[in-house]
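Here is the structure we will look at.
The values are calculated or read from the model by the stated rules, or taken from the named source; none is laboratory data. No experiment lies behind these values; they were computed from the predicted model shown. Positions of Cβ are backbone-derived with ideal geometry, glycine not excepted, and every protein chain shown enters the neighbour counts. In case anyone asks, the SASA skips ligands and DNA or RNA and just uses the protein heavy atoms, side chains included. Shrake-Rupley method; radii C 1.70, N 1.55, O 1.52, S 1.80 Å.
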Amino acid sequence: MDITFEGDGTQKLIANFENCILDGVRFVGCDLTQCIPPKSKNHVYVEQVSSRVKKAMKKIDDDPNLSDDDRKVLVRNLRKLEHMEQYIFNTAHMKKIYGDVFVGRFFSSLE
């Protein structure tokens, strides 16, 4: 089951996810600065997502090692995040869906 926390872009989501596993959870238009992210090592809290996505798009365009299909999937997933400032990713859940290679590429593009 997928769960979406949706805000108007200015609302602070105040939630304690410390003991949660966020499988299939999405955040849309939420300010996550007041959230307590999960303690699990499979969860990654990332700030400045919007600016990282802009830089990642340029990197992806210039990457000759990406196949067209890999590029499309990467761009599609990054575009969903272009208006977010913070995000909590569940790497284990992502790996189940996309595989290790994609997840590694996804996070390296956001560096």
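Length available on full extension from E85 to S51: 0.36 nm per residue minus the Cα-Cα distance, which gives 11.4 nm. Note on K41: aspartates and glutamates with a C-alpha under 12 Å away, same-chain residues under 8 apart excluded, are E18. Here the Gaussian network model covers the chain, with springs between Cα atoms less than 10 Å apart; of R76, R26, R52, R76 fluctuates the most.
Carbon-plus-sulfur accessible fraction, segment 38-91 (probe radius 1.4 Å, protein heavy atoms only): 46%. Candidate values (i) 36, 29, 23; (ii) 42, 28, 23; (iii) 48, 33, 25 were compared with Cα extents along the principal axes in Å computed on the shown model; the agreeing label is (ii).
For a modelled paramagnetic label at V44, 7 Å from Cα along Cα-to-Cβ, the residues of segment 6-22 in reach, with backbone nitrogen under 17 Å, are 22. Only helices enter this figure: runs of n ≥ 4 DSSP H residues, each worth -39500 (n - 2.57), summed and divided by the residues of the chain, yield -12000 deg cm²/dmol at 222 nm to the nearest 500.
All other residues whose Cβ lies under 13 angstrom from that of K12 are scored, Lys and Arg at +1 and Asp and Glu at -1, for a net of -3. Largest GNM mean-square fluctuation among I21, I97, I88, using the chain with Cα springs under 10 Å: I97. What the chain shows is 64 Å² of accessible area per residue, with the surface traced by a 1.4 Å probe over protein heavy atoms. Stretching F102 away from D63 to a fully extended chain increases their span by 12.6 nm, per 0.36 nm per residue minus the current alpha-carbon distance. At a Cα cut-off below 18 Å, give the lysines reachable from K80, other chains included and same-chain residues fewer than 8 away excluded. Those lysines meeting the cut-off are K54, K55, K58, K59, K72, K95.
Between N19, N77, N65, the Gaussian network model of the chain with springs among Cα atoms under 10 angstrom shows the greatest mean-square fluctuation at N65. Distance between the 7 Å Cα→Cβ label points at V73 and K12: 3.8 nm. Label sites at I36 and A92, each approximated as a point 7 angstrom past Cα along Cα to Cβ, lie 2.0 nm apart.
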